[in-house]
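Presented below is the structure to which this report refers.
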Amino acid sequence: MPEIITPVTSTASPDAPDRRQLTAPNDVTAAVAVASIPAMTSESIVHIQSLSTPANAGRDDRGTGGSEAPRRDGHRRWQLRPPAVLHAETVAGWSSSADEAGRWVSNAVHPFPASTVATWWQRPDVQPWLLVDPHGVPVGYGEIWDGADEDEVELARPLVDPHRRRQGVGTLLGDQLLTRARRNGRAGCFLRVAPDNTAELTLYRSAGFTDVDPAHADAWNQQQPVDYVWLQQALNTH
């Protein structure tokens, strides 16, 4: 990957994917939402640690952290599935307050409108996923924003059913989203995290994500509603 990431000013709305163009072809964006990162060359591969290992259990975002991750013997049955239209109401209902909605998508509205969630799914570069438990019940949600032109993916809008938090579900959600994102074959991944979301920052940093250079983060945040912490990890080399 190139050493310098040069963003172009984005005009995206706060609750839409920030499809900011990166002049370097191997750079990547993300949000699943920071300071300095060592320059990354094509030889520097960041190892992607599993978010579902015991070392990372209990550090999920939005109150999802718990003492342990879901049982390993059921891991293969926890799946990511594309949502159906009816699931927009389910996902919107997981946002339990205006404060949480503001942290989730920078839109402090409660109840959160299902129509907004459904609108996200109409974008061709947004890949929405539900995490479904072994009984077929949706328990988590997240998106992969695919940037083919920029050779990048972004993990965005992670949220867990309030009734399933502190059970390791958020950890497994992040793990499976990363696994799915690698299948896109892009060079890397970025995340944006609210600066006061210490649980999510801890989770992603422990999984191998590193802080973006402050100058780049400042430039990207000029068009954002808050000064996000930006994290980056290499996924593939070409």
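The values are calculated or read from the model by the stated rules, or taken from the named source; none is laboratory data. Note that the structure is a prediction, hence the values are computed from the model and not measured. Don't worry about glycine lacking a Cβ; one is built from the backbone with ideal geometry, like all the others, and counts go over all protein chains shown.
The table below lists the values:
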| read-out | value |
| --- | --- |
| Residues that are of a type outside the set (D, E, K, R), assigned to a strand (DSSP E or B) and out of contact with any Cys (no Cβ under 6 Å at 6 or more places or on another chain), drawn from the stretch 199-238 | THR210, VAL229, TRP230, LEU231, GLN232, ALA234 |
| Every pair of residues 6+ apart whose Cβ atoms lie under 6 Å, when the first sits in the stretch 69-89 and is over 12 Å from VAL132 (Cα atoms) and aliphatic (A, V, I, L, M) while the second is assigned to a helix (DSSP H, G or I) and at pLDDT 95 or above | ALA88/ALA114; ALA88/VAL117; ALA88/ALA118 |
| Long-range neighbours under 8 Å by Cβ, at least six apart or interchain, first residue among the hydroxyl-bearing types (Ser, Thr, Tyr) within the stretch 115-128, second modelled with pLDDT of 95 or more | SER115/ALA88; THR116/ALA92 |
| Some residue of the stretch 148-171 being more than 22 Å from ALA88 (Cα to Cα), surrounded by fewer than 21 Cβ atoms within 10 Å (Cβ to Cβ), in contact with a strand residue (DSSP E or B) (Cβ under 7 Å, 6 or more places away or on another chain) and not charged (D, E, K, R) | no |
| In the stretch 89-138, residue surrounded by the most Cβ atoms within 10 Å (Cβ to Cβ) [restricted to those that are of a type in the set (Phe, Trp, Tyr) and within 29 Å of ASP149 (Cβ to Cβ)] | TRP104 |
| Residue within the stretch 146-162 that is in a strand (DSSP E or B), in contact with a Lys or Arg (Cβ under 6 Å, 6 or more places away or on another chain) and modelled with pLDDT under 95 present | yes |
| The stretch 113-141, subset within 19 Å of the chain's Cα centre (by Cα), of a type outside the set (Lys, Arg) and in a loop (DSSP other than H, G, I, E, B), residue nearest to GLN224 (Cα to Cα) | ASP125 |
